[in-house]
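Notes for the one structure printed next.
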Amino acid sequence: MTIVMTNGVLALLGALAVKPIFNLLGALPTIAGAAVLLAACLAIMSLDAGLPVAIASSSAMLGLGQIFAAAAHTHMVSSVAPDRAGCLSGLFQCCTYSGVAGNGIALSLLSDRLPFGMIVLLCAASAFVAFAVASLAVVRSRHPQASCPVAR
């Protein structure tokens, strides 16, 4: 129950903190800062320093993930024409959820076969793939003849 409550509280705090942080820092510093802090939490979580540290780190990651996702999504959607924002938003959600699912599957299937560091690198690779897909979609959506960056 402690884990669930801590996760919920910090995820809620992250969701509530997005707008003030975004307004204070701007899009790119918010995205970059949240990404650095997420990486730091992942590193702390990998130290195997006990259950309380793992709970605090994973809960902080949930809150920081809210900040990162909302800031990245807002910046990405606002950088394209309004008629293309819906398609890009759907693409962002697809990349996000497929990355989470893929990382969970990789962790559960490979945790006994590969060292932890290699699994972390595989999970990081999925984030880079999602970033590449989203970047390509943003670039293609700026061309006037494309109605949806992934429709072709």
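Here are the numbers for this structure:
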item	result
Criterion (assigned to a helix (DSSP H, G or I), under 20 Å from residue 62 (Cβ atoms) and in contact with a helix residue (DSSP H, G or I) (Cβ under 6 Å, 6 or more places away or on another chain)) met by exactly one of 85, 124, 106	106
Qualifying position, being in contact with a Ser or Thr (Cβ under 6 Å, 6 or more places away or on another chain) and open to solvent by less than 80 Å² (accessible area, probe 1.4 Å), among 89, 98, 59, 79	59
Scope the stretch 1-15; condition exposed (fewer than 13 other Cβ atoms within 10 Å of the Cβ) and of a type in the set (Ser, Thr, Tyr); matching residues	2
Output for the stretch 36-56, where each listed residue is within 18 Å of residue 121 (Cα to Cα), part of a helix (DSSP H, G or I) and open to solvent by 40 Å² or more (accessible area, probe 1.4 Å)	36, 37, 39, 40, 42, 43, 44, 45
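The values are calculated or read from the model by the stated rules, or taken from the named source; none is laboratory data. Note that the structure is a prediction, hence the values are computed from the model and not measured. Neighbour counts run over all protein chains shown; Cβ positions are idealised from the backbone, glycine included. Note: accessible area is taken over every heavy atom of the protein model, side chains too, but ligands, DNA and RNA are not part of it. Shrake-Rupley method; radii C 1.70, N 1.55, O 1.52, S 1.80 Å.
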